[in-house]
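Novice: My questions will all concern the structure given below.
Read-outs throughout are calculated quantities, based only on the coordinates presented, and are distinct from any laboratory measurement. Here the structure is a predicted model, which means the values were calculated and not measured. All Cβ positions, even for glycine, are placed from backbone atoms using ideal geometry, and neighbour counts span all protein chains on display.
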């Protein structure tokens, strides 16, 4: 186990190194000059060159990347070109909002997805099952920005139940979490359904039934705990989906998270911020996947850690 | 690492099975049939777009806006109303279907091609090349896909084909992983060994034996992938970095009009419904294909 | 040697009276104004730094003006210059030496008294390339600027401390805009000890002499400003506390305003709600409309065929239906026919420019040898409404045969393309390089129409370089005598008329500002559309519901 973990962590580090290299290279190729953004329109060519030198942007790619990497290893993500704050500070100030949104989304996924899957499995083959599965397909096929705008229109503009946007109270959280979670809810309901159907076929469930246990007791006492595990094990993987989703969801709802930070930075080639957010996201994705893989064998003995 | 779409459980290579009758089996499933109908309607709408309405998709009509510059609601003249530039919304949605379908087919085709090539190469040859390729796909999996697409779109200034390429570059990874898993389990099987011992060329083994076994998977992933592609194109266009105006795309219709969505929600909801319907259709068909072509994967969404 | 002793200089047409010293900044306060209360302002985007040498955004511009002061400022709600931290100033007859007498007893928020050394330090700092100030170029006329910008010196030789309350600034050339330069944020006075204490984070811990001081800053969420009880301008500011809430969509801000939770939505009225607000008399009464020192224009790259032909550029000017474009943005602008906006000194009311005339435009294209039109590209920043405006322009151009494909890109990419000689044939300027830095006609020339900006990486995206006009501009800017301001404005009008004859731009519109306020907000309407303090002048507004 420890050897496995060590190997996976080394792999993870190499992956992050690759991500940083590719992102850095892409930003290097970007047909835009960050120095012009910093120097402003009144700058003389002399000032521009001086700023370029100070930021080391006159150096060859390899030198720039190496410098970034060494700073990174000492925990320094650099300073934003435009905002002039430490990137780590900017990310830390916005990460809680994004994490909160993700927690909300995971709750929505689990509550909606699991209950849909459970009901569908129990009512297998009925019209309810069919309707729920169509619902889950809609969940995975709906573009997040459309879902967000639709929820805003119905529940905030027309019904006035929730605020139209912003950040602060639990009421602000509902619509963005739902928007971000709806995709996952679609997947979860389908996984939950098949997992539940598998479990219901197992011998011990049949035994429990044969012993005359009530349907409810069988479902919630025996089947559900077993069915739910493989589904919940996938949460780690969700993080990858979320990292893409937050850019859109945060922009629709004006949510002050790292998605908005990244989006604004891309508009103005604020390279340190783009690098920082990409690396933080990649870290989250890699760790999420690792978590999912570590949890898997505990839940399904057929899977071995490789 | 695994994907939420197909938990990485070593697949048992399916035996070759007849593909005849796939269509009729699809047609027997109400959901798949619904999907096929939606796709057919979209294709027809896209092809016949110039003949279905009397308007040009890019013509900013003189009487298409109120005096204050507000868009017109649906009416007998403009069935779905007009957009913020006074263009007929229905016409733009029909032409937007072209964009979605072209990107869906081209981008997804390219992603499928890259993914299959990488997957087969890594799965069959193994060794250093295989390991390197799979580590590279691991690396790509660690990218937040949308951020990567946004960066790529900023580097290669967008056009329809560039958007397709960007999407392909982001979307091939899933396919590569699935194909890799299947190919590597196929490559270990006895009949492939037998072929090798009788001196069959690598090309023959790949094309005569491996590829046909992979075909069902490729078809399933190809269909499901269109759905992902349509959604990603819409998202990029919604962020203003997709296809260039005035080319209509369902995503950029919403991008251009969303400031008005409270006053004129139809400007967002008609194109939104179109995106949802098309993505849903390919998902429904893809899911049914998976059930029909690959019983081992049945029920695993 | 004859010196003008001056205290007030009007930027537009102006005469200045001698000996108005005490009336200048200690102006008569609004009799109706009440002291106290707290207000809430909202913004969508994050506030970047509040370092006056660096901040250059819509949101932080006016905040910085309330935290810091410069030697000069403008009378509230106007473009009229007046001394601020300076008590008075003298300009030498050759227009090259400015001597500022500082106001006494001005204290930084940390309690230390501001002196001439601070003024010198602040100017040395802003021009030092290590500061990376986007405003450094404004100080290029100060003696010794080259050495500081080139890293050869840490100190501007042209700025000297005569005594603790006197600063002498020598210029390398007469510069009529210099008093404006002393009023822009970049020249605001900062205390050395605080800058050194916080280093690069000074922008997060601003300490100035301004009417407000920073009380709280939660990154990405809110900022709180507190009344500076020691403010030198006694009686100001009126409001005790200003809370800026960040990350609020304009539409949310408007709803919260209607609920009485917000006093001024900093990003204005969202387009979709504009008609609704203006149709409601009660709400409309709380909207203040004013001009903005802004022009939206299409640049045509005069070094790229076929835009190297003046007839083609004139044809484009005639082809664009500006009235329709103004309609597309809910009539929140006025059509433009010259580079300067109407509220800018030097704007020529009599100038008619190129009228919308498709037939004449076609004829001109024919004369230029393109009767069938041609294909080209129009670059535009990819945030709404700019791609829409570009599409309207595209359709207008198509009507005369010019097939322009749109390149809708991130701001930085458009700026980069404009700075390459063969990068962008046409650019719609919306969203970039838009609002004047200070209310002087020269501000629309230098970097964006003069030869100096027509360089690789520059901001003169039409690559228009007319040496003769450069000389005329230099001549106009050497008229430092405030008594000749009208003459100078006339010279600038002529320069812009000549530019329009060459038509490197097609001016499209000048945006109007519409600021909405809550019913409790008091103060003259012009404070809410202050041309310099954007969006509002925090120092002078007040609330009516305090006891």
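Novice: Among DSSP bridges having both ends in the protein assembly as shown, what percentage is antiparallel? Round to the nearest 5.
Specialist: Numbers: 56 of 74 bridges.
Among the beta bridges of the protein assembly as shown, antiparallel pairing accounts for roughly 75 percent.
Novice: Would you kindly compute the Cα radius of gyration of the stretch C:411-547 and its largest Cα-Cα separation (Dmax), both in Å?
Specialist: Rg, Dmax (Cα atoms, Å): 19.1, 63.
Novice: Could you give the spread of the C-alpha atoms of the stretch A:25-178 along their three principal axes, from largest to smallest, in whole angstroms?
Specialist: 73, 35, 28
Novice: With a 10 Å Cβ neighbour count serving as the proxy for reagent exposure, in which order, fewest first, do A:293, B:193, C:477 appear? Present the calculation step by step, with values, prior to reporting the outcome.
Specialist: Working: A:293 20, B:193 11, C:477 24.
Least crowded to most crowded, the residues run B:193, A:293, C:477.
Novice: How would C:190, A:111, C:380, A:295 line up from fewest to most surrounding beta-carbon atoms within 10 angstrom?
Specialist: On the way: C:190 24, A:111 13, C:380 29, A:295 18.
Lowest count first: A:111, A:295, C:190, C:380.
Novice: Viscosity 1.002 mPa s, temperature 20 °C: give me the Stokes-Einstein translational D for the stretch B:184-262 in µm²/s, with Rh taken as the Kirkwood radius over C-alpha pairs.
Specialist: Stokes-Einstein gives a translational diffusion coefficient of 133 µm²/s.
Novice: Still on this model: Across the residues of C:244-257, average count of Cβ atoms on other protein chains within 10 Å?
Specialist: On the way: counts 0, 3, 3, 13, 6, 9, 3, 9, 8, 4, 1, 6, 3, 0.
Per-residue shielding by partner chains comes out at 5.
Novice: Counting other C-beta atoms within 10 Å, which of B:183, B:247 has the fewest, and how do the rest follow? If you can, show how the numbers build up before the last one.
Specialist: Values: B:183 27, B:247 21.
Ascending Cβ contact count within 10 Å gives the list B:247, B:183.
Novice: Only Cα pairs within less than 10 Å get springs; with that Gaussian network setup on chain B, which residue of B:194, B:32, B:111 has the largest fluctuation?
Specialist: In this elastic network of chain B, the residue with the biggest mean-square fluctuation among B:194, B:32, B:111 is B:194.
Novice: With n ≥ 4 as the cut-off for DSSP H runs, can you work out [θ] at 222 nm for chain B, using -39500 (n - 2.57) per run divided by the number of residues, rounded to the nearest 500? Show your work: numbers first, answer last.
Specialist: Values: 10 runs with 193 residues, N = 301.
Per the formula, -22000 deg cm²/dmol.
Novice: Further question: Sticking with the crude label model, points 7 Å out along Cα→Cβ, report the distance from residue B:129 to residue B:202 in nm, one decimal please.
Specialist: Computed distance between label sites residue B:129 and residue B:202 equals 0.4 nm.
Novice: Other chains near A:240-246: what is the mean number of their Cβ atoms within 10 Å of each residue's Cβ?
Specialist: Numbers: counts 8, 4, 1, 6, 11, 4, 3.
Average per residue, whole number: 5.
Novice: Taking chain A as a Gaussian network, Cα atoms linked when under 10 Å apart, which of A:256, A:225, A:176 shows the biggest mean-square fluctuation?
Specialist: Between A:256, A:225, A:176, it is A:225 that shows the largest mean-square fluctuation.
Novice: Determine Rg/Rh for the stretch B:49-130; Rg is computed over alpha-carbon atoms and Rh is the Kirkwood hydrodynamic estimate from the same atoms. It would help to have the intermediate numbers written out before the result.
Specialist: On the way: Rg = 22.0 Å, Rh = 15.7 Å.
On the Cα set of the stretch B:49-130, Rg over Rh gives 1.41.
Novice: With 10 Å bins from zero, work out the P(r) of the stretch C:193-293 over every alpha carbon pair and list the percent per bin.
Specialist: 13, 32, 31, 19, 5, 0
Novice: Going from the alpha-carbon gyration tensor of the stretch A:215-306, what semi-axes, largest first and in whole Å, does one get by taking the root of 5 times each eigenvalue? The partial results should precede the final answer.
Specialist: On the way: eigenvalues 270, 63, 7 Å².
Three semi-axes, in Å: 37, 18, 6.
Novice: Please compute the modelled spin-label separation between residue C:280 and residue A:10, points set 7 Å along Cα→Cβ, answer in nm with one decimal.
Specialist: The answer from the label model is 6.6 nm.
Novice: If every alpha-carbon in the stretch B:216-301 counts as one equal scatterer, what log10 I(q)/I(0) does Debye give at q = 0.18 1/Å?
Specialist: Rounded to two decimals, the profile gives -0.75.
Novice: Can you tell me how much longer the chain between residue C:110 and residue C:481 gets when fully stretched, taken as 0.36 nm per residue apart minus their C-alpha distance, in nm with one decimal?
Specialist: Numbers: separation 371, 0.36 × 371 = 133.56 nm, distance 3.79 nm.
Fully extending the segment from residue C:110 to residue C:481 adds 129.8 nm.
Novice: Same structure, new question: For chain C, what proportion of DSSP beta bridges, expressed in % and rounded to the nearest 5, is antiparallel? Walk me through the numbers before you get to the answer.
Specialist: On the way: 53 of 71 bridges.
Taking every DSSP beta bridge within chain C, about 75 percent pair in antiparallel fashion.
Novice: On to the next question. Once you've got the GNM for chain A with C-alpha springs shorter than 10 Å, pick whichever of A:152, A:219, A:30 has the biggest mean-square fluctuation.
Specialist: A:30
Novice: From the helices alone, meaning DSSP H stretches of at least four residues, give me the mean residue ellipticity at 222 nm for chain C, per-run term -39500 (n - 2.57), in deg cm²/dmol to the nearest 500.
Specialist: Working: 16 runs with 141 residues, N = 547.
So the helix-based figure for chain C works out to -7000 deg cm²/dmol.
Novice: How crowded by other chains is B:239-250, given as the mean number of beta carbons from other chains within 10 Å of each beta carbon?
Specialist: Details: counts 8, 10, 5, 2, 1, 9, 11, 8, 2, 0, 0, 2.
Average per residue, whole number: 5.
Novice: Helix C:485-502 versus the longest principal axis of chain C: what is the Cα-based angle in degrees, 0 to 90, to the nearest 10?
Specialist: Once rounded, one gets 30 degrees.
Novice: Shifting gears a bit: How long are the semi-axes of the equivalent ellipsoid of the stretch A:117-274, taking √(5λ) for every eigenvalue λ of the Cα gyration tensor, in whole Å from largest down? Walk me through the numbers on the way to the answer.
Specialist: Details: eigenvalues 296, 65, 35 Å².
Calculated on Cα positions only, the semi-axes equal 38, 18, 13 Å.
Novice: If you line up the Cα atoms of chain C on their principal axes, what length do they span on each, largest first, in Å?
Specialist: Cα spread of chain C along its principal axes, largest to smallest: 71, 61, 42 Å.
Novice: Using only C-alpha positions, report the orientation-averaged shadow area of the convex hull of the stretch B:88-243, nm², one decimal. Kindly include the intermediate steps, with their values, before the conclusion.
Specialist: Values: hull surface 40.4 nm².
With the hull built on Cα positions only, its mean projection is 10.1 nm².
Novice: With axes computed from alpha carbons, what is the tilt in degrees of helix C:116-127 against the longest principal axis of chain C, rounded to the nearest 10 within 0 to 90?
Specialist: Its long axis makes an angle of about 30 degrees.
Novice: Between residue C:94 and residue C:467, what FRET efficiency follows from the Cβ-Cβ distance if R0 is 35 Å, with the result rounded to 0.05? Kindly include the intermediate steps, with their values, before the conclusion.
Specialist: Working: r = 24 Å, r/R0 = 0.70.
Calculated transfer efficiency: 0.90.
Novice: Moving to a separate point now. Send over the semi-axes of chain A's equivalent ellipsoid, whole angstrom and largest first, taken as the square roots of 5 times the C-alpha gyration tensor eigenvalues. Write out the running numbers ahead of the final one.
Specialist: Working: eigenvalues 408, 128, 35 Å².
Each semi-axis is √(5λ); the values are 45, 25, 13 Å.
Novice: On to the next question. Measure nothing fancy, just the Cα-based angle from helix C:358-367's long axis to the longest principal axis of chain C, in degrees from 0 to 90, nearest 10.
Specialist: That helix lies at roughly 70 degrees to the long axis.
Novice: Okay, moving on. Could you tell me, in Å, what Rg and Dmax come out for the Cα atoms of the stretch C:39-186?
Specialist: In order Rg, Dmax, the Cα atoms of the stretch C:39-186 give 15.5, 48 Å.
Novice: Hey, another quick one. Where does the protein assembly as shown land on Rg/Rh, using Cα atoms and the Kirkwood Rh? If you can, show how the numbers build up before the last one.
Specialist: Values: Rg = 32.3 Å, Rh = 32.2 Å.
Taking Rg over the Kirkwood Rh, I get 1.00.
Novice: Could you bin all the Cα-Cα distances of chain B into 10 Å bins starting at 0 and give me the percent of pairs in each, rounded to whole numbers?
Specialist: 6, 25, 29, 21, 12, 5, 2, 0, 0
Novice: Based on alpha-carbon atoms only, what is the radius of gyration of the stretch C:421-489 relative to the globular estimate 2.2 N^0.38 Å?
Specialist: With N residues counted in the stretch C:421-489, Rg over 2.2 N^0.38 Å equals 1.25.
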